[in-house]
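Visitor: For reference, the structure I am asking about is given below.
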Amino acid sequence: MHRFLPIHLLLTLGLAGYLSAQSEDAPIGNQIPLNWPELPSWTAEELEMLRSGELVLGVDLFKDTLGASDPEDLFEPLPEPEVPVEPEPDPNLPTPIPEDVYASYFTNRPAEYLIDPQGMLSMQQQKDRQSFLDYHAGDSEIDIHIYLFDTRQVIPSDAQIGEIFKRHFSRGKGLTALVYYYYGNPDRAQLVTSPELAKVVGPGALHSALKHSQEQASLKSEPASQLESFSTAMSLRLYWMEKEIAEARGEGRLAGLDDEEDLLVVESKEAPPEVLKKDHKLVLFIFVLSLAILSGGLLVAWRKRVKTKRYHFPEVEAQPLLSAPHAAGVGAVIHFDNATLPPSLQREQVPDYLRKM
């Protein structure tokens, strides 16, 4: 309908044609020309040299600058990073009970007499100890339950031997001796027995049984042998206590016993006062008896020596009387003043007939 285009449309078409012509002659901005060379690529020989270490990346770029010098000589090597040295754990520090075995130790009353969830004994050693404790339980009225811990492990406050005994062993049939044994350190062992047993035999006998078992274990150097000697000695002591229990039961001395009040934890750190008192009396009695025996023996030996001692008296030549070797019917008599002294101490020899004058 219009014969002539508007002026602004004509100007726009002209500017677009100019820009199109310029773009055909030279690149604009970051546009890459199509006639550039291709990028270099690795050959198979170069890749093999790179893998073997013959070719070091970047060294060839500085050949003209370095000349004949070795590139490694131009740079100081970086110091090796210091690796922190962890201090060795102190073997005397206590260690806690692992959480994964806590329930196996303390949650329920154990079905076996040897409790070793940490596996400190080998399979054969566990079998041997369990067989021995089973045999003891079948032959004795007093069962032995041994909880096996590591030598440096610490028992939690809610799992002390007295608490575990009250929780799992204070009710039930028969008598029980509960032992906390530290593998490799028998001196830390603890003992708790049924109140009936503690009442009859007394703290002294229980402490003596624990101490004797620890001494027998200390005679061995291997931890498994120590445990064997400990359990054997404890078993023998409990056999003797069982006889006293039978006599006390027949006499009715076990009636009216309170389990909570009479529970006794025995340790080897310190003996009960009555045990120390008995030990002092025993030592004094042995000392007095030994002194009396020694004094009596010395007295008997001295008296025997005096009675059996022999003296050799010298021969004395008597002077002739009236030119005769002896008087008629009269002999010369030599008298020593003291019969108990040796002749060498009695210098003056006096004839007997002169003493009468």
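The values are calculated or read from the model by the stated rules, or taken from the named source; none is laboratory data. Bear in mind that the values here come from a model prediction, so they are computed numbers and not experimental data. We place every Cβ from the backbone using ideal geometry, glycine too, and count neighbours over all the protein chains shown.
Visitor: Right, Leu206: within 20 Å of Asp134 (Cβ to Cβ) and either surrounded by 15 or more Cβ atoms within 10 Å (Cβ to Cβ) or in contact with a Lys or Arg (Cβ under 8 Å, 6 or more places away or on another chain) (or both) or not?
Guide: no
Visitor: Which condition number does Ala177 fail, the rest of (1) part of a strand (DSSP E or B); (2) small (Gly, Ala, Ser); (3) surrounded by fewer than 19 Cβ atoms within 10 Å (Cβ to Cβ) being met?
Guide: Answer for Ala177: the failing condition is (3).
Visitor: Say whether the condition of being in a helix (DSSP H, G or I), free of Cβ contacts under 8 Å to residues at least 12 places away in the same chain and surrounded by fewer than 18 Cβ atoms within 10 Å (Cβ to Cβ) is met by at least one residue in the range 136-154.
Guide: Scanning the range 136-154, I find at least one residue that is in a helix (DSSP H, G or I), free of Cβ contacts under 8 Å to residues at least 12 places away in the same chain and surrounded by fewer than 18 Cβ atoms within 10 Å (Cβ to Cβ), so the answer is yes.
Visitor: Give me the pairs, please: first residue somewhere in the range 97-125 and of a type in the set (Lys, Arg), second residue anywhere and part of a helix (DSSP H, G or I), beta-carbon distance under 7 Å, and either six or more positions apart or on two chains.
Guide: Arg109/His168
Visitor: Could we say that Ala255 is at pLDDT below 65, surrounded by 10 or more Cβ atoms within 10 Å (Cβ to Cβ) and not in a helix (DSSP H, G or I) here?
Guide: Spelling it out, it is not the case that Ala255 is at pLDDT below 65, surrounded by 10 or more Cβ atoms within 10 Å (Cβ to Cβ) and not in a helix (DSSP H, G or I).
Visitor: Check whether at least one residue in the range 94-113 is in contact with a Leu (Cβ under 7 Å, 6 or more places away or on another chain) and in the same structural domain as Glu163 (by TED's automatic domain parsing), and report yes or no.
Guide: yes
Visitor: Mind checking which residues of the range 141-167 are within 16 Å of Ser104 (Cβ to Cβ), more than 20 Å from the chain's Cα centre (by Cα) and hydrophobic (A, V, I, L, M, F, W, C)?
Guide: Ala159, Ile164
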